[in-house]
């Protein structure tokens, strides 16, 4: 009993990390690239200049670090939970995407989009009531 509860808590915790770090990383990369501006590479010098601007952007580095954290959490949770559980459960990240887009990127989110996000989150609740692992460990 305790091992099943521990698995459920551990899986929930790492999916939460995925839900936070994945969308946050994407938003930070988007914000960083918007600060750099439209990319136009016409020659080698402009490509080097663009690369230097990208590599010196703290926002882009924060986005990369966030996406790496997402990826590590994703790999770890897949090592003990079923993919058919992890992928649907992590879809609650769509709510995080909408919240970050609204508050950090100042995007207008229509009521219909919010309703769609709510439907996705309700589906995540259904998946959350199933066991994280239905297969035998190898």
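Some observations on this one:
- When 41, 19 are checked against the criterion of being assigned to a helix (DSSP H, G or I) and either at pLDDT below 95 or farther than 20 Å from residue 126 by Cβ (or both), a single residue qualifies: 19.
- Test for residue 99: is it under 15 Å from the mean Cα position of the chain (by Cα) and modelled with pLDDT of 90 or more: yes
- Scanning region 69-81 for residues that are touching a residue at least 12 places away in the same chain (Cβ under 8 Å) and surrounded by fewer than 17 Cβ atoms within 10 Å (Cβ to Cβ), we see that the one that is farthest from the chain's Cα centre (by Cα) is 80.
- Complete set of residues in region 88-106 that are surrounded by 13 or more Cβ atoms within 10 Å (Cβ to Cβ) and either over 17 Å from residue 25 (Cβ atoms) or touching a strand residue (DSSP E or B) at 6+ places or on another chain (Cβ under 7 Å) (or both): 88, 89, 102
- A single member of 124, 117 is modelled with pLDDT under 90, closer than 15 Å to residue 23 by Cβ and touching a helix residue (DSSP H, G or I) at 6+ places or on another chain (Cβ under 8 Å), and it is 124.
- Residues (without any contact (Cβ under 8 Å) to a residue 60 or more places away in the chain, out of contact with any helix residue (DSSP H, G or I) (no Cβ under 6 Å at 6 or more places or on another chain) and within 21 Å of residue 97 (Cβ to Cβ)) located in region 29-60: 33, 34, 35
- Some residue of region 14-26 being out of contact with any helix residue (DSSP H, G or I) (no Cβ under 8 Å at 6 or more places or on another chain) and at negative phi: yes
The values are calculated or read from the model by the stated rules, or taken from the named source; none is laboratory data. None of the values given here were measured: they were computed from a predicted structure. We place every Cβ from the backbone using ideal geometry, glycine too, and count neighbours over all the protein chains shown.
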